[in-house]
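*Asks:* I'd like to ask some things about the structure below.
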Amino acid sequence: MKTKDEDKTENVPLIELKGVRKVYGTGIAAMEALRGVDLSIYPGEFVAVMGPSGSGKSTCMNILGCLDTPTNGTYCFQGVEVGQLNHDQRALLRRNYLGFVFQGFNLLNRTSALENVELPLLYRHTSKSEMHPLAREALEQVGLTGWEHHTPGELSGGQQQRVAIARAIVTRPVVLLADEPTGNLDSKRSSEIMDLLTSFNRDLGITIIMVTHEQDMAAYAKRTVHFLDGLIENDRKQKEKSSC
Amino acid sequence: MLGNALILALRELRRNVMRSFLTMLGIIIGVAAVIILVTLGKGATRQVTEQIASLGSNLLMIHPGKHMGPGQSSGAAPFKLADAEAIQREIPSLIAVAPASSSSMTAILGNENWTTAVTGSTEQYFSLNNRKIKDGRIFTSNETRVGVAVCVIGETVRIKLFGRQNPIGSQIRLNKLSCEVIGLLEAKGQSTMGSDQDDIVVIPLRTFQRRVTGKEDISIIQVSVRDGISTDKVKQDIARLLRVRRHLSDNEEDNFDVMDMKEIAKMLSGTTQVLTSLLSAVAGVSLLVGGIGIMNIMLVSVTERTREIGTRLAIGAMEREVLLQFLVEAVVVSSFGGLIGVILALISSVVLAGVLNVPFVLNVPIIFIAVLFSAAIGVIFGYFPARKAAQLDPIDALRHE
């Protein structure tokens, strides 16, 4: 999977934003969250998105995750212009290619961790016999074995965050989009999660785009994009990290 | 896809037991109220019809005066015994003719007294009114003609005056008349109009006229027509005869009324139909209130559910998958609630019909109407807010406050 993707597409961007603008509201109340962003991300990359709050990084993530549509500009995913897709086609794109870890987790209330993680598999029509083992495995990877039948209300913030990560990776998406995946975790848990994401990126070839505030976390990524006032201020590749 | 939606819907219902239950409660109450009220209303109507039918369809009642409606009649001269005799003599194809007159008076036995309806009539009164003797005997035609002081009493009168004693052979006093109790009628219970049919004393007509009231008046003549003879024809014959006897000229209206049981049935079921429509209106209001209950729960849960829909869309659910799930949820809740409502209604109807002493009449159309109406409300108010949410961009659904 990894080699095939890399061979084929080393020079074709997986994700390409061109002149993307996003305006909220109209008239005098209009607020420009993105002011013409160009961004290309290639398969297998691990990108950290940084910037102060209000700089447009979350908006950009929502557009990348096909949760929101740009006001102007184009977004191409694997060469397909997302703006041309209809509601259902975008849903299928999210279902089959993307995994999203929300800042506010967005887990289903009163629903066990296991069922939350199974949800994307259900929409993928994964057979019942495969669903349980896959969901359990994902929960095990985020260190939640034994918590399968607890509902979000019974889990701590950090545990909920890990359920959200498990739900995003259980389908082995092409791209994993994570909005502050370590925001609620202590440093030990944070580094565990980052190691996990690094291994997904390295071993499974999952492209990861992650919003973070912390320099430590951004250090795990191979590339860091800085947002400021709705524009990309700085985009630099890190030196190849020696893997531990 | 339907299987998937079913799994998702059932999971969602199981998680939200309270919400599901409250929604169902609206449906249950609405459905049950309508079915119970309509079933009992129909039962009461049926009871009226049956009671009248038990009197026989070949019975005619002749009143002086003209019936204006239930309980109203214009005043007119009463009949005389000679009128009844003329009917018996001149109208063919009659089985029996029973002139009767009644009055309310106090019956006295020793220290006990009881105010009751005393009727003077002939021995044919009993067969015409379907009254059977439980103990003793009725008076004979000879006793009627002579006017002896005997009486037949109803069950209520027996209880009030005699308690546990055997009444047959005792003397009771009606005004100044002292008469011997020769028979006890079989209990018949309440009439359709609510009066106690066992609170009566029947004495020979001649005795009544001569020794109790001192008047020759007759307030009603009951006539039974032989089977197979048209009652309409007999009614016309009687009317013609009475017009002559009451000296009515051609341009005068009848000052008497010949009614057959069909007309009486129509009159009475008119009353119960008013009652049934009233009950149906109350039932309709219950259904509406139940519907509003369903609506409330559905609309209140929209905020939470919009975020849930946002999450599902973000994970990759298509609009139609989300909608199918919500539709299945609404249908499952509505049909389950409807089913419980119907079962509850049937049980309550059977019990209440027993308590209120009306027959249990199953009315299938009303069950369908009630269930379909509540189900429609459940589905509409479950489905349309969900559809609105599912058409949003996922991020807007997620941000919904």
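The values are calculated or read from the model by the stated rules, or taken from the named source; none is laboratory data. The model shown is predicted, which means the values in this text are computed figures rather than measured ones. Every residue, glycine as well, gets a Cβ built from its backbone with ideal geometry; the counts of neighbours run over all protein chains shown.
*Asks:* Any idea which of B:282, B:302 is more than 14 Å from every other protein chain (Cβ to nearest Cβ) and closer than 30 Å to residue A:168 by Cβ?
*Replies:* That would be B:302, the only listed residue that is more than 14 Å from every other protein chain (Cβ to nearest Cβ) and closer than 30 Å to residue A:168 by Cβ.
*Asks:* Between B:330, B:397, B:386, which is closer than 30 Å to residue A:102 by Cα, in a helix (DSSP H, G or I), free of Cβ contacts under 8 Å to residues at least 60 places away in the same chain and over 36 Å from the mean Cα position of the chain (by Cα)?
*Replies:* B:330
*Asks:* Take residue B:120 and tell me if it is assigned by TED's automatic domain parsing to the domain that holds residue B:100 and farther than 29 Å from residue B:239 by Cα.
*Replies:* no
*Asks:* Taking the stretch B:306-315 on its own, how many of its residues are buried (at least 24 other Cβ atoms within 10 Å of the Cβ) and more than 7 Å from chain A (Cβ to nearest Cβ)?
*Replies:* Qualifying residue count for the region: 3.
*Asks:* Looking only at the stretch A:98-135, which residues are part of a loop (DSSP other than H, G, I, E, B) and at the interface with chain B (Cβ under 10 Å from one of its Cβ atoms)?
*Replies:* A:102, A:104, A:105, A:106, A:107, A:108, A:109, A:110, A:111, A:112, A:124, A:125
*Asks:* Mind checking whether some residue in the stretch B:316-335 is in contact with a His (Cβ under 7 Å, 6 or more places away or on another chain), assigned by TED's automatic domain parsing to the domain that holds residue B:39 and surrounded by 16 or more Cβ atoms within 10 Å (Cβ to Cβ)?
*Replies:* Within the stretch B:316-335, one or more residues are in contact with a His (Cβ under 7 Å, 6 or more places away or on another chain), assigned by TED's automatic domain parsing to the domain that holds residue B:39 and surrounded by 16 or more Cβ atoms within 10 Å (Cβ to Cβ).
*Asks:* Follow-up. Looking for something in a helix (DSSP H, G or I) and modelled with pLDDT of 85 or more - is there at least one such residue anywhere in the stretch B:48-60?
*Replies:* No - not one qualifying residue is present in the stretch B:48-60.
*Asks:* Restricting attention to the stretch A:138-157, does a residue exist that is within 14 Å of chain B (Cβ to nearest Cβ) and among the acidic types (Asp, Glu)?
*Replies:* yes
*Asks:* Considering the stretch A:44-97 alone, what residues qualify as being within 29 Å of residue A:215 (Cβ to Cβ), part of a helix (DSSP H, G or I) and in contact (Cβ under 8 Å) with a residue 12 or more places away in the chain?
*Replies:* A:57, A:58, A:59, A:60, A:61, A:63, A:64
*Asks:* Also, I was wondering about something else. So residue B:95 passes all but one of these: (1) over 23 Å from residue B:229 (Cα atoms); (2) not in a helix (DSSP H, G or I). Which condition number does it fail?
*Replies:* Single failed check for residue B:95: (1).
*Asks:* When you scan the stretch A:138-244 for strands (runs of 3 or more DSSP E) that lie fully inside it, which ones turn up with 2 or more residues that are surrounded by fewer than 17 Cβ atoms within 10 Å (Cβ to Cβ)?
*Replies:* A:231-237
Condition check ((1) modelled with pLDDT under 85; (2) within 26 Å of residue B:120 (Cβ to Cβ); (3) surrounded by 22 or more Cβ atoms within 10 Å (Cβ to Cβ); (4) polar (S, T, N, Q)) across all residues:
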| site | (1), (2), (3), (4) |
| --- | --- |
| B:25 | no, no, no, no |
| B:43 | no, no, yes, no |
| B:69 | yes, no, no, no |
| B:99 | no, yes, yes, no |
| B:102 | no, yes, no, yes |
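Conditions (1) β-branched (Val, Ile, Thr); (2) on the phi > 0 side of the Ramachandran plot; (3) free of Cβ contacts under 8 Å to residues at least 40 places away in the same chain; (4) in contact with a helix residue (DSSP H, G or I) (Cβ under 6 Å, 6 or more places away or on another chain), marked per residue:
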position: A:144; (1), (2), (3), (4): no, no, yes, yes
position: A:147; (1), (2), (3), (4): no, no, yes, yes
position: A:154; (1), (2), (3), (4): no, no, yes, no
position: A:160; (1), (2), (3), (4): no, no, no, yes
position: A:182; (1), (2), (3), (4): yes, no, yes, yes
position: A:199; (1), (2), (3), (4): no, no, yes, no
position: A:214; (1), (2), (3), (4): no, no, yes, no
position: A:223; (1), (2), (3), (4): no, no, no, no
position: A:233; (1), (2), (3), (4): no, no, no, no
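*Asks:* Applying the selection to the stretch A:95-104, what residues are surrounded by fewer than 21 Cβ atoms within 10 Å (Cβ to Cβ) and closer than 16 Å to residue A:165 by Cβ?
*Replies:* Listed by number, the residues that qualify are A:103, A:104.
*Asks:* Filter the stretch A:61-93 for residues that are within 14 Å of chain B (Cβ to nearest Cβ), farther than 19 Å from residue A:207 by Cβ and not polar (S, T, N, Q) and give the result.
*Replies:* A:68, A:70, A:83, A:85, A:87, A:88, A:91
*Asks:* Go over the candidates B:278, B:287 one by one and state the one that is part of a helix (DSSP H, G or I) and either outside the structural domain of residue B:36 (by TED's automatic domain parsing) or surrounded by fewer than 13 Cβ atoms within 10 Å (Cβ to Cβ) (or both).
*Replies:* Only one candidate qualifies: B:278.
*Asks:* Condition test on residue B:86, is it assigned by TED's automatic domain parsing to the domain that holds residue B:224, in contact with a Lys or Arg (Cβ under 7 Å, 6 or more places away or on another chain) and outside any strand (DSSP E or B)?
*Replies:* Here the answer is yes, as residue B:86 does meet what is asked.
*Asks:* From the list B:362, B:352, which residue is part of a helix (DSSP H, G or I), away from chain A (no Cβ under 14 Å) and farther than 30 Å from residue B:313 by Cα?
*Replies:* Of the residues listed, the single one that is part of a helix (DSSP H, G or I), away from chain A (no Cβ under 14 Å) and farther than 30 Å from residue B:313 by Cα is B:352.
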